[in-house]
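These notes are about the structure you will find just below.
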Amino acid sequence: MVKRTMALAVVVALIVIGVTGCRETKDKVVLYVHGWSATGGTNCAGAFDSMIGALGDQDFTGQAVKVGFYTGDTGCDMTLRDWGSFENSSSWKEIAKALSHYVWDTYTSQGVTVDVVGYSMGGLIARGAVYGSSIGASGFAAPIDVEDAVTLGAPHDGASVAAFCLWGQCATMKPGASDINWVNQDGNPQGVEGTEWTVIGSEADDVSLVDSALHMDVPAERKVRYSDVPHTGGDNYMHREDVVTRAGEGLHLVDR
């Protein structure tokens, strides 16, 4: 009887700590990284405030940090220009270097774990920051602690509209561009304690085609395909309730 009671207690304990399933974490800092702008400026608030509010309604309590990097950015909480040297036309990889230093200096070195949401080119920046720091690539920080990362319409295998770009930042997102090939050397880069990626794309996205948006080596349940979400406009990824709900699941359901 004693052995049976002890065995039951062990089973209950395993369930409580999440060994047999997912555990929920909704209190981490979440960094929101916007995408490419042809004008050298993005309104971070316009891009992400709706999504941040919707996640707050889903009981996310961690700090939301809207990350800027263009000289013309507005409505952002910080700028990566304080953490690296690059121009508006610089490759997204250079911005990824700055993001890695920001995360390391502000969070990882202080024992703080973060999550990241990257929209469009912001998804490449987030992925590049985790990857470059994990392998000690030149210009990157030490490995950073990103637990969950969600990319929304990110051109992981290149952006279709960038195919005609001959120079500048746009050209660094062309299918087959050297920086795209670089990041694809690891289809599932990992932070200090492991990173769980969720990639979201849409068949109605004519900027980051759906196969490119889902081009990472992650479990099938973390490759999320929609049929009708456009890349831009008032009904894009960050403004769709169903997409935001799924992104929230990617941020808080930890498969370990």
Task: Förster radius 51 Å - calculated FRET efficiency between ASP242 and SER109 (Cβ-Cβ, nearest 0.05) - done: 0.85
Open item on the list: Over 23 Å between Cα atoms: which of LYS26/LYS66; LYS97/LYS174; LYS28/LYS93; LYS66/LYS93; LYS66/LYS174 fall into that group?
Closed with: LYS28/LYS93; LYS66/LYS174
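Could you calculate the contour length gain from PHE164 to LYS26, that is, 0.36 nm times the residue separation minus the distance between their Cα atoms, to one decimal place in nm? Before the final figure, lay out each step's value.
On the way: separation 138, 0.36 × 138 = 49.68 nm, distance 4.10 nm.
Using 0.36 nm per residue and subtracting the Cα-Cα distance, I get 45.6 nm.
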TODO: Compute the length gained on full extension between ASP77 and THR39: take 0.36 nm times their separation in residues and subtract their Cα-Cα distance, giving the result in nm to one decimal.
DONE: 11.7 nm
Task: Alpha carbon convex hull of region 91-210, volume per residue in cubic angstrom - done: 82
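Return the ratio Rg/(2.2 N^0.38 Å) for region 27-254, where Rg is computed over Cα atoms only. Before the final figure, lay out the partial values.
On the way: Rg = 15.5 Å, N = 228, 2.2 N^0.38 = 17.3 Å.
Output field value: 0.90.
Values in this text are rule-based calculations from the coordinates and carry no lab data. Quick caveat, the model's predicted, so the values are computed rather than measured. Every residue, glycine among them, receives a Cβ derived from its backbone with ideal geometry; neighbour counts consider all protein chains shown.
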